[in-house]
Amino acid sequence: MDYYDRRLSIVNKSSAHIAVEIVNDTTKRTENNIEYYQSNTIGPNDTSFITKSGKNAWLEYINEGKAKTLYVYFFDRDSLNKYQKGGADMSYLLGNKKYLKRLDYTLEELKRADWQIKYH
């Protein structure tokens, strides 16, 4: 039987369409391309459940990171379109801080927030 961990959700409380990158280490290159994020945006006042494969996948993923922290980067969909046309990739956007906001969460903070991350 396959298990999936869907406990993490992103709530978009803004008026913008946003895309999210979630990593457990700020020094790793991101594997996904800009098109992936453009096709997985979260609309205004919408919630998206972020799924990882495995029964306790989010717990394991956080614990695998050096700082035991989840780093959540928020991007504006229109900005992604602009940077893609310019030939940029996600590693460039992250490295040059071309995101709207970054939020960092420890496991304890995520549990207190009931695994819900809100973007305002």
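The table below lists the values:
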quantity	calculated
Label corresponding to Rg and Dmax of the Cα atoms in Å when calculated from the structure given, among (i) 15.7, 60; (ii) 14.2, 44; (iii) 21.2, 71	(ii)
Spin-label pair Ser79/Ser91, simplified geometry with 7 Å Cα→Cβ offset, distance in nm	2.1
For the chain, with +1 on Lys and Arg beta carbons and -1 on Asp and Glu, the positive-most of Tyr99, Asn63, Thr41 along the dipole	Tyr99
Accessible area in square angstrom per residue, the chain, 1.4 angstrom probe	60
Label point distance in nm, Ala113-Thr51, each placed 7 Å from Cα along Cα→Cβ	2.2
Accessible surface of the chain [probe 1.4 Å, protein heavy atoms]: carbon and sulfur percent	42
Solvent exposure, largest accessible area first (probe 1.4 Å, DNA, RNA and ligands not counted), of Thr27, Thr41, Thr69	Thr27, Thr41, Thr69
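The values are calculated or read from the model by the stated rules, or taken from the named source; none is laboratory data. Just so we're clear, the structure is a prediction, and the values are computed from it rather than from any experiment. We place every Cβ from the backbone using ideal geometry, glycine too, and count neighbours over all the protein chains shown. Accessible surface areas use protein heavy atoms only, side chains included; no ligands, DNA or RNA. Shrake-Rupley method; radii C 1.70, N 1.55, O 1.52, S 1.80 Å.
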